[in-house]
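Below: the structure, in structure tokens.
The values are calculated or read from the model by the stated rules, or taken from the named source; none is laboratory data. A quick note: this is a predicted structure, and the numbers were derived from the prediction, not measured. Virtual Cβ from ideal backbone geometry, glycine too; neighbours counted across all protein chains shown. Note: accessible area is taken over every heavy atom of the protein model, side chains too, but ligands, DNA and RNA are not part of it. Shrake-Rupley method; radii C 1.70, N 1.55, O 1.52, S 1.80 Å.
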Amino acid sequence: MSRRIVLWRHGRTEWNASGRFQGQTDVALDDLGREQAQEAASRLAALAPNLLVSSDLQRAQDTCAPLAGILGLDVDLDARLRETFAGEWQGCTTPEIASRWPDEFKAWRGGDPLLRVGGGETRQEVAERMFAAVTDAAARLPEDGLAVLTSHGGSSRLGIAALIGLPLHRFTNVGGLSNCSWSMLREGDDGWILVEHNAGTLPTPVVIEEG
């Protein structure tokens with residue numbers, strides 16, 4: 001066995017339901033989001049994580065709390081796991097963004113890693129902080145350990161791309177994460193390997209990788 005990292009997206013919020021760009025606005029889970037967190041926690045607990053780390057935004061903390069309660073573990077907070085700071089775009093719907101900032105919106109949809117989203121962070125900056133947060137958490141694990149990092153949809157995709165060596169202008173080739181779903185990465189001899197993506201249940205482990 002080798003070290004494993006689970007990147008777990010927070011449960012649904014009212015802004016998720018209404019299609020608003022949250023970024024680092026501290027929006028709470030809605031009722032469905034809390035239900036999602038409880039259900040996912042019971043599944044993730046079966047993996048017996050050694051370490052829990054969460055974004056310091058409340059929706060991530062509240063998602064991680066049921067898992068911490070089941071396991072009896074403390075949750076470490078790491079602001080590097082936050083969603084992209086999206087400046088003026090935060091609180092806007094996608095049609096509003098497309099109407100008010102058409103050129104920037106086109107570049108964003110195209111995957112530009114150096115665009116300052118809403119005047120805030122670039123995807124390159126988010127990928128770098130996510131990479132650092134994951135590798136720091138992994139360094140605290142035993143050789144066969146597992147950490148669950150509760151984060152956000154966009155930042156998790158960027159972190160995955162950085163960890164597996166995907167060029168950031170192609171990070172959109174990593175599909176989105178549903179609310180309260182997760183991805184698992186395993187540490188290999190030549191870097192990180194994406195072994196599960198957008199999972200909501202616990203699949204049978206892959207024993208033979210080819211054939």
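Count of segment 111-124 residues, restricted to those that are within 9 Å of residue 84 (Cα to Cα), in a helix (DSSP H, G or I) and open to solvent by 10 Å² or more (accessible area, probe 1.4 Å), is 1. For segment 41-52, a tally of residues being aliphatic (A, V, I, L, M) and open to solvent by 10 Å² or more (accessible area, probe 1.4 Å) returns 5. Filtered by the rule that a residue be open to solvent by 60 Å² or more (accessible area, probe 1.4 Å) and over 25 Å from residue 116 (Cα atoms), segment 18-39 gives 31, 32, 34, 35, 38, 39. Pairing each residue of segment 31-46 that is over 13 Å from residue 68 (Cα atoms) and charged (D, E, K, R) with any residue that is open to solvent by less than 10 Å² (accessible area, probe 1.4 Å) and modelled with pLDDT of 95 or more, provided the two are 6+ apart or on different chains, yields C-beta distances under 7 Å for 34/11. Just one of (1) touching a Gly at 6+ places or on another chain (Cβ under 6 Å); (2) closer than 24 Å to residue 65 by Cβ fails for residue 77. It is (1).
The C-beta contact set for segment 183-202 (first residue in contact (Cβ under 8 Å) with a residue 60 or more places away in the chain, second residue in a loop (DSSP other than H, G, I, E, B) and of a type in the set (Lys, Arg), distance under 7 angstrom, 6+ apart or interchain) comprises 187/3.
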